[in-house]
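The values are calculated or read from the model by the stated rules, or taken from the named source; none is laboratory data. This structure is a prediction, so every number in the text was calculated from the model and none was measured. No Cβ is skipped: glycine too gets one built from the backbone with ideal geometry, and neighbour counts run over all protein chains shown.
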């Protein structure tokens, strides 16, 4: 028996925003990143190219640096040892964020014939992995962007 995802509760808890529009207006995305810059100092956005053309100009107009991942699955194998170690040593702390845990639990590791790993959705229709993929994208550039050796907590970031 499948359990319903408590989306309304997560909205009430401030973990997500439900947008009742035919498509998400670009202003919602840009405003969210502006808020993250004000709170956490985010100035670089790492993204794959899926629909990036729709928001690229607006984000750059707000002064964000954009780093593109042309082939997101290609970075999965590069990051797999780091991701596996971080989870095994319990260095990933999502705090009390059931949405981020749900994203992560919706992912499985696919090992290709060549031994490379990919982080894929368990179910293409019902399972969402956006937050986990954003985490992977951030890890791809973390060593290049983060300059201080400090603990990095995802607890306060609402995806």
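Looking across segment 33-53 at every residue that is touching a residue at least 60 places away in the same chain (Cβ under 8 Å) and within 16 Å of residue 135 (Cβ to Cβ), the one that is farthest from the chain's Cα centre (by Cα) is identified as 40. Residues of segment 33-51 that are part of a helix (DSSP H, G or I) and in contact with a helix residue (DSSP H, G or I) (Cβ under 8 Å, 6 or more places away or on another chain): 33 alone.
When segment 14-24 is examined, which residues are found to be touching a residue at least 24 places away in the same chain (Cβ under 8 Å), over 16 Å from the mean Cα position of the chain (by Cα) and surrounded by 13 or more Cβ atoms within 10 Å (Cβ to Cβ)? None; the set is empty.
Taking interchain pairs and intrachain pairs at least six residues apart, which have beta carbon atoms under 6 angstrom, with the first residue in segment 83-103 and without any contact (Cβ under 8 Å) to a residue 24 or more places away in the chain and the second surrounded by 11 or more Cβ atoms within 10 Å (Cβ to Cβ) and not in a helix (DSSP H, G or I)? Listed by first residue and then by second, the contacts come to 86/92; 101/94.
Can you name the residue in segment 1-24 that is in a loop (DSSP other than H, G, I, E, B) and closer than 18 Å to residue 129 by Cβ and, of all such residues, is modelled with the lowest pLDDT? Applying the filter and picking the extreme gives 2.
Has segment 110-123 got any residue that is exposed (fewer than 12 other Cβ atoms within 10 Å of the Cβ) and assigned to a helix (DSSP H, G or I)? Within segment 110-123, none of the residues are exposed (fewer than 12 other Cβ atoms within 10 Å of the Cβ) and assigned to a helix (DSSP H, G or I).
Of all residues being part of a helix (DSSP H, G or I) and touching a helix residue (DSSP H, G or I) at 6+ places or on another chain (Cβ under 9 Å) in segment 88-104, which is farthest from residue 140 (Cα to Cα)? Just the residue, please. If you could, list the steps in order and put the result at the bottom.
Filtering segment 88-104 for residues part of a helix (DSSP H, G or I) gives 88, 98-104.
Those still in the list that are touching a helix residue (DSSP H, G or I) at 6+ places or on another chain (Cβ under 9 Å) too: 98-100, 102-104.
Numbers: 98: 24, 99: 22, 100: 18, 102: 21, 103: 18, 104: 17 Å.
This residue is 98.
Kindly evaluate residue 134 against the criterion of being exposed (fewer than 15 other Cβ atoms within 10 Å of the Cβ), at pLDDT 90 or above and within 24 Å of residue 34 (Cα to Cα). No, not satisfied. Applying the criterion of being out of contact with any strand residue (DSSP E or B) (no Cβ under 9 Å at 6 or more places or on another chain) and within 23 Å of residue 103 (Cβ to Cβ) to the residues of segment 42-68, the residue that is surrounded by the fewest Cβ atoms within 10 Å (Cβ to Cβ) is 50.
The set of residues from segment 69-82 being without any contact (Cβ under 8 Å) to a residue 40 or more places away in the chain, surrounded by fewer than 16 Cβ atoms within 10 Å (Cβ to Cβ) and not in a loop (DSSP other than H, G, I, E, B) comprises 74, 81.
Hey, does segment 25-32 have a residue that's over 17 Å from the mean Cα position of the chain (by Cα) and assigned to a loop (DSSP other than H, G, I, E, B)? Yes, the conditions are met somewhere in segment 25-32.
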